[in-house]
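S.K.: Handing you this structure, nothing more for now.
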Amino acid sequence: TKKIAIAIDGPAAAGKSTVAKIVAKKLSYVYIDTGAMYRALTLKALNESVDVNDEQALVSLLDSTTIKLVQSEEGQRVLLDEEDVTVSIRTNDVTNNVSYVAQHSEVRIEMVRRQQQLAQERGVVMDGRDIGTKVIPDAEVKIFLIATVEERAKRRHSENLSKGFPSDLELLKKEIEKRDEIDSKREASPLVKAVDAVEIDTTSLSIEQVAEAILEQAYKII
Ligand code: C5P
């Protein structure tokens, strides 16, 4: 069968990575989490006290940084300069700063360059904010996942509680809204639905239903 690229974009906490992983597994494709790359750079900037608003400083930091996404038994691991940061890129501090780092056009140019290299070989499911518009504009399948902010906050809240993490539903809602606002309003490739993307509202769908809907699009082609 033909190998294709599946681009999944959408706002924060819409379930992109969860369904992307399922779809990738089902097709034996590689899953590439581009948000993890922006998160890794953000973690390094915070650790090294580099200002998240200083574009030039972030660009030179990125130039001397390796970020690897490796598939393992337990799923995808993220290596920042060979150190495993899979867990530490998910802290609130990183989450609440990453959209500032991702605003800068020169940071994005380098990230997109790296992501395009990763997507060169087809047989990929890539998720992010600009995959269908910028990173893989010729992706054979483009999906735009949305859900109400209430639903997205609720899902993140239950996920936190199930992991035994402290969680505040109202605060989560505010943080998600803030991140969406920065991601959608930035000048450099803002979060928008590609004209040829299929929009799926996941508000009242299960994870399995969303994965099925995406696979249905893929099976039309492969
Ligand atoms: O997908 P995730 O929530 O991990 O992404 C974290 C942040 O990284 C997003 O809120 C956005 O600011 C940035 N991002 C981006 N472009 C991508 C992926 C993520 O700007 N392709």
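S.K.: Under a crude label model (7 Å from the Cα following the beta-carbon direction), how far is R113 from Q71 in nanometres?
M.R.: Between R113 and Q71, the simple spin-label model gives 2.7 nm.
S.K.: Per 0.36 nm of contour for each residue apart, how much would the distance between N47 and L161 grow if the chain were fully extended, relative to their Cα-Cα spacing?
M.R.: Numbers: separation 114, 0.36 × 114 = 41.04 nm, distance 2.71 nm.
Going from the current span to full extension adds 38.3 nm.
S.K.: So, one more: Using the Cα centre as the reference, give the magnitude of the dipole from point charges on the C-beta atoms of the chain (Lys, Arg: +1; Asp, Glu: -1; all else neutral), rounded to the nearest 20 debye.
M.R.: Values: 31 positive and 38 negative charges, 122 e Å.
Dipole about the Cα centre, nearest 20: 580 debye.
S.K.: Between K185 and V59, with labels modelled 7 Å along Cα→Cβ, what's the label distance in nm to one decimal, could you check?
M.R.: Distance between label points: 2.5 nm.
S.K.: According to the Kirkwood expression over distinct Cα-Cα pairs, how big is the hydrodynamic radius of the chain, in Å?
M.R.: Working: mean 1/r = 0.0565 Å⁻¹.
Mean inverse Cα-Cα distance, inverted, gives 17.7 Å.
S.K.: P(r) for the range 1-107: what percent of alpha-carbon pairs falls in each 10 Å bin, starting at zero?
M.R.: 13, 43, 32, 10, 1
S.K.: Among S105, S158, S88, which one moves the most in a GNM of the chain with springs linking Cα atoms closer than 10 Å?
M.R.: Evaluated over the chain, the most mobile residue of the options is S158.
S.K.: Rank I89, A7, V78 by how far each Cα sits towards the positive end of the charge dipole of the chain (+1 on Lys, Arg Cβ; -1 on Asp, Glu Cβ) and give me just the farthest.
M.R.: Farthest towards the positive pole: A7.
S.K.: Also, I was wondering about something else. Using only DSSP helix segments of four residues or longer, with each worth -39500 (n - 2.57), what per-residue ellipticity at 222 nm results for the chain after dividing by its residue count and rounding to 500?
M.R.: Numbers: 8 runs with 104 residues, N = 222.
Calculated from helices alone, the mean residue ellipticity at 222 nm is -15000 deg cm²/dmol.
S.K.: How high is the FRET efficiency from I221 to Q120, r the C-beta distance, R0 25 Å, rounded to 0.05? Don't skip to the end; give the middle numbers.
M.R.: Values: r = 19 Å, r/R0 = 0.75.
With a Förster radius of 25 Å, E is 0.85.
S.K.: How high is the relative contact order of the chain, given as a whole-number percent (alpha carbon pairs under 8 Å, six or more residues apart)? It would help to have the intermediate numbers written out before the result.
M.R.: Details: 345 pairs, mean separation 75.1, N = 222.
Relative CO of the chain lands at 34 percent.
S.K.: Arrange the peptides 7-15, 139-147 so that the one whose residues have, on average, the most other Cβ atoms within 10 Å appears first.
M.R.: Numbers: 7-15: 25.3, 139-147: 22.9.
Descending mean neighbour count gives 7-15, 139-147.
S.K.: What number comes out for accessible area per residue over the chain if the probe is 1.4 Å? Units Å², please. Spell out each step's value before the answer.
M.R.: Details: 11080 Å² over 222 residues.
Heavy-atom accessible area per residue stands at 50 Å².
S.K.: Considering the zone a paramagnetic label at S204 would reach in this model (a point 7 Å from Cα along the Cα-to-Cβ line), which residues of the range 126-165 have amide N under 19 Å from it?
M.R.: Taking a point 7 Å out along Cα→Cβ of S204, the residues of the range 126-165 whose backbone N falls under 19 Å are 145-155.
S.K.: With 26 Å as the limit, write out which pairs from K25/K185; K134/K178; K2/K142; K3/K68; K25/K173 have Cα-Cα distances beyond it, or answer none. The partial results should precede the final answer.
M.R.: Numbers: K25/K185 33 Å; K134/K178 23 Å; K2/K142 16 Å; K3/K68 23 Å; K25/K173 30 Å.
Going by Cα-Cα distance, K25/K185; K25/K173 fall outside the 26 Å limit.
The values are calculated or read from the model by the stated rules, or taken from the named source; none is laboratory data. What you are looking at is a predicted structure, and each value in this text was computed from that prediction instead of being measured. Cβ coordinates were reconstructed from backbone atoms using ideal geometry, including for glycine residues, and neighbour counts include every protein chain displayed. Ligands, DNA and RNA are stripped out before the accessible areas are found, and what is left, the full protein with its side chains, is counted by its heavy atoms. Shrake-Rupley method; radii C 1.70, N 1.55, O 1.52, S 1.80 Å.
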